[in-house]
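Right, one structure below, let's go through it.
Throughout, read-outs are computed from the coordinates displayed, never taken from laboratory work. Note that the structure is predicted; figures quoted are calculated from it, not measured. All Cβ positions, even for glycine, are placed from backbone atoms using ideal geometry, and neighbour counts span all protein chains on display.
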Amino acid sequence: MKYKLTKNILGIAFIMFFISCNKNKKIILKSNKKIVQVKVSNENRSYNWNLNKALNPDENEITLRNNDSVNVMYVSDIDSIKFNVKNGTKINFDIVVSKDTFSQQILGIPYIPKANYSNKFQSKKRKNRFFCS
């Protein structure tokens, strides 16, 4: 009985150690330039992302429609990395350019459509505005 209990405790300790080692593993993208390209697969769009040392982390908000997930790919001149982003996702990683490290964060946020007000409502609100000079 004692042997079985000790074996179970050692097994659990090993699993917890393995999980904690994987959590501490930093995700790194290597680059020679301070500009990387970001590709959002489901929307077929891409744009340049300028690395900024002053922002720590530099946040990239990915807007998600209909609670779908999207693949976001960061492409440098020598490396690339791909993430699956869902609503509420927060992914931290670093981009290393020679000796500089740029902390990055991807945030998955829900799409909120703009409000559509009727012309009648808008004209009524315009009449009720007061301006001080």
DSSP beta bridges in segment 26-133: the antiparallel percent, rounded to 5, is 70
Under 17 Å between C-alpha atoms, the lysine pairs in segment 24-113 lying 8 or more places apart or on different chains count 17
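Expressed in nm to one decimal, what extension gain is obtained for the pair Leu107 and Asn48 from 0.36 nm per residue of sequence separation less their Cα-Cα distance?
Numbers: separation 59, 0.36 × 59 = 21.24 nm, distance 1.72 nm.
So the chain would gain 19.5 nm between Leu107 and Asn48.
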Taking a label point 7 Å from the Cα of Ile27 along Cα-to-Cβ, the residues of segment 95-111 whose backbone nitrogen sits under 12 Å from it are 95, 104-108
Ranked from fewest to most other Cβ atoms within 10 Å of their own Cβ, Lys114, Lys53 fall in the order Lys114, Lys53
Going from the fewest other Cβ atoms within 10 Å to the most, one would list Leu107, Leu64 as Leu107, Leu64
